[in-house]
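Encoded as structure tokens, the structure appears first; notes follow it.
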């Protein structure tokens, strides 16, 4: 059954999932888990919390599948859920755990070293993570969309529901901040 | 990939003129990949479908209970009707005493029956 769904298009997968077909939904999870991981872990750092938010993204997706009208791509729909839940989590932490938050920056960036097969890869991901975590969440999300998801500025503006001008100005400010931060790293 | 190259890519991603797809692909080649744990899919599916299964079980139990009750109720009514007919045929009338099997007993005989004297 799982094999059957490997080739199935997403409209069919959505329909089958709404009918309660768990294999169809598992295929959706399988197709988009890395995309969600890039957004969630790029924003929150690699932690158990990121894993929980990732799960929540797919739970929310499952319960809102009937509202998905197919006008946008499923990936965009999932991406928006992931962005909303991640930003909500950052806000929640700022509100409830202000002592762990410094100038709006998230402090959860502990990567499990055992996950990386080479020192070079570990260093690369650590550098990206430190650079991202040094930014304010509103700049960080734009960088995550461009750097990790490969979205254009227009696509980033659309998925974040922001005017193009706002994205451009945030991008420019983020660039200046990154230059400063990366000098020290 | 050298550290300086990765830094360039990071800064480049904030450049509107840069090609973000090329940057993300090159970073991925350098090992900047993100994924969840191996049991991620299982966790999501079990969270969703164990609840659904337990709801299904509850529904099935209620449906079975209704079905069994319906069968028992019908059989019970049929048994009561047969009992009333047989009492009517044996006694010639249907009274409460005959229904509970005390039609030809006196109070004394009940005392004897209960005490064994």
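A few comments on the model shown:
- When residue A:28 is tested against (1) more than 8 Å from chain B (Cβ to nearest Cβ); (2) surrounded by fewer than 16 Cβ atoms within 10 Å (Cβ to Cβ), only condition (2) is not met.
- Output for region A:138-179, where each listed residue is farther than 14 Å from residue B:12 by Cα and surrounded by fewer than 19 Cβ atoms within 10 Å (Cβ to Cβ): A:138, A:154, A:155, A:158, A:161, A:162, A:163, A:164, A:165, A:166, A:169
- Restricting region A:1-12 to residues that are touching a residue at least 24 places away in the same chain (Cβ under 8 Å) and within 25 Å of the chain's Cα centre (by Cα), the residue that is farthest from the other protein chains (Cβ to nearest Cβ) is A:11.
- Qualifying residue in region A:28-44 (condition: over 14 Å from the mean Cα position of the chain (by Cα), touching a residue at least 60 places away in the same chain (Cβ under 8 Å) and more than 24 Å from residue A:139 (Cβ to Cβ)): no
- Helices (runs of 4 or more DSSP H) (entirely within region B:1-99) containing at least 3 residues that are surrounded by 13 or more Cβ atoms within 10 Å (Cβ to Cβ): B:3-13, B:20-29, B:40-91
- Residue identified as surrounded by fewer than 15 Cβ atoms within 10 Å (Cβ to Cβ) and either in a helix (DSSP H, G or I) or more than 13 Å from chain B (Cβ to nearest Cβ) (or both) among A:70, A:42, A:54, A:20: A:70
- If you go through region A:129-160 and pick out every residue that is under 23 Å from residue A:84 (Cβ atoms), assigned to a helix (DSSP H, G or I) and at the interface with another protein chain (Cβ under 7 Å from one of its Cβ atoms), you end up with 5.
Where a number appears in this text, it was derived from the coordinates with a stated rule and is not lab data. Computed from a predicted model, the values in this text were never measured in an experiment. Glycine gets a Cβ as well: all are built from the backbone with ideal geometry, and neighbour counts include every protein chain shown.
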